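J.: Below are the structure tokens for one structure; questions will follow.
The values are calculated or read from the model by the stated rules, or taken from the named source; none is laboratory data. This structure is a prediction, so every number in the text was calculated from the model and none was measured. Cβ placement follows ideal geometry from the backbone for every residue including glycine, while neighbour counts extend to all protein chains displayed.
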Amino acid sequence: MAYQINKTDGTVVATVADGQIDQVSTDITLIGKNYSGFGEALNENFVKLLENFSSTTAPTHPIRGQIWFDTSESKLKVYSGIEFLPVSSATIANSQPSTLATGDLWFNNVDGQLYFYDGTTPILLGPAYSASQGLSGLKVASILDTLNQTRVVTYFYNNGILLGIFAKDSFTPKVAISGFTGNIIPGFNAGNLAGIKFNVTCTNSEQLGGAIATTYVRKDTSNEINGQIRINTDLGIVAGSAGQANLFVTNGNVFLANSASDKNLTLSVRKFTTQEDAIKISADTRTVDIYSTFSDSSVNIGGSLVISGNLTVDGTTTTVNTSTLTIEDKNIELATSGSPTDILADGGGLTLKGDTDHTIVWNANGVALPNLGTSWNINDHINLVGTKYFAINGQMVISETSLGSGITSIPGVTSFGKQTIINVGPGLAGDPAYMRFQDNKISTLSSNLDIEIEPDGNGNVVLLGDPRITGMADPIDQQDAATKEYVDETIESRTIIFSMDLSDGKPNAYIVTNILNNLAPPMIGPVVNYRDGTFAKILCTLLSNSSTGVDLGPLVSQSTATFNTPSGTAPAVTNVALGTATVPGQSVSTTRIIKTFQILGGAWSHVGDTVLPP
């Protein structure tokens, strides 16, 4: 009868006729009933499965779930039902492996950094600095002051050197801080690194060049300038035939004004021999022109620039040379000209200039990430400081120390580091889990739960080597396992039952010495015999009968004759005959006694007798 070969889901993959083989339905040979020479095909099947069809080309008849080791890429792949997909893995190497596939992790064991491969380039997951670079960036910590109060500070490191400390309180650290000396004040506290400076523009300062701020000229009060003109009133300076030009102070504010109606205010400078209008303010149109007739001009603003209306820049390039760009609006729009589309937006984003460009760029055609389609591509590492984490759809995916609770599988991960405790299952109310693996111990955490071992199919629970199972309780149900001691005690203390004929009247001491001590000797030391408390019950039978007298006189017949003797004659018996005697049968009486003996103190002792009714 032909074999019908089924898949795990019950569908039929092939039907193999008797005495035939099938080498086209799958990548292993399917053997029919009574096929001659099946051993070669069977052994080749085992070898193919053992090597996972190792080859530079994919198996020609794969089925879903089949594993193939691609020797051209040294990659393990699984058939999805449509194509073979690589199984993600983690690689430890001091340089980027050439065999990375999308989704793989690579740990640089020299720099001590973990990367995620997105299909194009490894993306650094952390830390942001390499081992050779040393600790760099911000580090938040809690320290104690001299009053034992906890203070939160933010250390600022570069290449393992403490540049300074940010804090919001004034206090004295209880324990000296390496790389810092003195007390902490609100703001930035410089470390001990010689020559540390901030090369930026400040909005305010208590001192300048070591002199206090009150010694410098202010615009909201009277000032004295040594060697220069000093104006001590708010009236300022008035110039012009009709007093059109005014430089004055009102309520502490300084004004440079043109009081003529609809006239301009112009700042003019000389370039070589030519006088040029640098700034022109037109009153009639309310406009300000800065070198409006010179295309090679530029405007540099050292401080802040506030524009209350709209800002329109007509040019191909806008350059902002500043350390910080602050925008009040919540949203920045790019590529708004014309009719925006994803294709037009392709390649747009942000570029931070450095030794190399650091970019966040929109990819519209999915070339960089073919499995994801459109995406934002970041060509550098991402480091989340403090306790921040990555989230997808509002759920935490990964934090500094753990995966999010929504992560239910991590395909491709083949090993973990040493685990202290592994909890399994949600557990019952109030319990952390159903089961715990800790050191060499498996335990349940929910009350009264069993630990179950369930091999699949016909599999068995097999102990390798020569281990023992200890600590078992005595069995209760028929399917319970029993300890050696329980079995030994049951066998070595079971009641002994036999029968014997005691018609010869042997005493109890004879039964103990000659029968019980030989058939069931008591336990002596470690010698396995019968234990204290063991009973022996012996059914003893005693047989007895009575004698019957027989009168032989009536049965005797004799004949006599007279013989001559010297003294005369005498009678003599010449013949005696006996008749048949009939002796009546005598009844036999039987007595049955159950004798009970018990091992007490390592010796058999007679306990008692029970006479059974006739």
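J.: Please name all residue pairs, on different chains or six or more residues apart, with Cβ atoms under 7 Å, provided the first residue is in the stretch 39-51 and is free of Cβ contacts under 8 Å to residues at least 24 places away in the same chain and the second residue is in a loop (DSSP other than H, G, I, E, B) and among the charged types (D, E, K, R).
T.: Taking only residues 6 or more apart or on different chains, the pairs are K48/D27.
J.: Given the condition assigned to a strand (DSSP E or B) and of a type outside the set (S, T, Y), answer yes or no: does some residue in the stretch 500-517 qualify? Walk me through it before giving the result.
T.: Just the residues of the stretch 500-517 that are assigned to a strand (DSSP E or B), to begin with: 500-501.
From the residues that got through so far, the ones that are of a type outside the set (S, T, Y) too are 500-501.
Yes, the stretch 500-517 contains at least one residue that is assigned to a strand (DSSP E or B) and of a type outside the set (S, T, Y).
J.: Taking strands (runs of 3 or more DSSP E) that fall entirely within the stretch 320-437, which contain at least 1 residues that are closer than 23 Å to L124 by Cα, modelled with pLDDT of 85 or more and among the polar types (S, T, N, Q)?
T.: So the answer is 349-352, 358-363, 375-378, 395-398.
J.: Another question, if that's okay. Here is a list: G425, G404. Which entry is surrounded by 10 or more Cβ atoms within 10 Å (Cβ to Cβ) and in contact with a Phe, Trp or Tyr (Cβ under 6 Å, 6 or more places away or on another chain)?
T.: Among G425, G404, only G425 is surrounded by 10 or more Cβ atoms within 10 Å (Cβ to Cβ) and in contact with a Phe, Trp or Tyr (Cβ under 6 Å, 6 or more places away or on another chain).
J.: Answer yes or no as to whether G394 is in contact with an Asp or Glu (Cβ under 9 Å, 6 or more places away or on another chain) and not polar (S, T, N, Q).
T.: On the way: in contact with an Asp or Glu (Cβ under 9 Å, 6 or more places away or on another chain): no; not polar (S, T, N, Q): yes.
Spelling it out, it is not the case that G394 is in contact with an Asp or Glu (Cβ under 9 Å, 6 or more places away or on another chain) and not polar (S, T, N, Q).
J.: What's the number of the only condition in (1) at pLDDT 90 or above; (2) over 22 Å from G457 (Cβ atoms) that S36 fails to meet?
T.: (1)
J.: Is at least one residue of the stretch 220-240 at positive phi and either modelled with pLDDT of 75 or more or surrounded by 11 or more Cβ atoms within 10 Å (Cβ to Cβ) (or both)? Steps first, please.
T.: The initial filter retains those residues of the stretch 220-240 that are at positive phi, namely 227, 236, 240.
Filter once more, so that each one left must be either modelled with pLDDT of 75 or more or surrounded by 11 or more Cβ atoms within 10 Å (Cβ to Cβ) (or both): 236, 240.
Yes: the stretch 220-240 contains one or more residues that are at positive phi and either modelled with pLDDT of 75 or more or surrounded by 11 or more Cβ atoms within 10 Å (Cβ to Cβ) (or both).
J.: Further question: Which pairs have Cβ atoms under 9 Å, sit 6 or more apart or on different chains, and link a residue in the stretch 270-299 that is within 17 Å of T312 (Cβ to Cβ) to one that is exposed (fewer than 10 other Cβ atoms within 10 Å of the Cβ)?
T.: That search, which allows pairs on different chains as well, returns I290/V299.
J.: Name the single residue that is nearest to V175 (Cα to Cα) among those in the stretch 136-153 being loosely packed, with under 12 Cβ neighbours inside 10 Å and of a type outside the set (S, T, N, Q).
T.: Among residues in the stretch 136-153 that are loosely packed, with under 12 Cβ neighbours inside 10 Å and of a type outside the set (S, T, N, Q), the one nearest to V175 (Cα to Cα) is L147.
J.: In addition: Based on this model, can you work out whether Y115 counts as without any contact (Cβ under 8 Å) to a residue 60 or more places away in the chain, within 30 Å of G126 (Cβ to Cβ) and either surrounded by 13 or more Cβ atoms within 10 Å (Cβ to Cβ) or in contact with a helix residue (DSSP H, G or I) (Cβ under 9 Å, 6 or more places away or on another chain) (or both)?
T.: Details: without any contact (Cβ under 8 Å) to a residue 60 or more places away in the chain: yes; within 30 Å of G126 (Cβ to Cβ): yes; either surrounded by 13 or more Cβ atoms within 10 Å (Cβ to Cβ) or in contact with a helix residue (DSSP H, G or I) (Cβ under 9 Å, 6 or more places away or on another chain) (or both): yes.
Yes.
J.: Kindly indicate whether any position in the stretch 468-487 is out of contact with any Gly (no Cβ under 8 Å at 6 or more places or on another chain), at pLDDT 85 or above and closer than 22 Å to P521 by Cβ.
T.: no
J.: Filter the stretch 188-219 down to the residues that are of a type in the set (D, E, K, R) and within 30 Å of P173 (Cβ to Cβ), then identify the one that is modelled with the lowest pLDDT.
T.: E206
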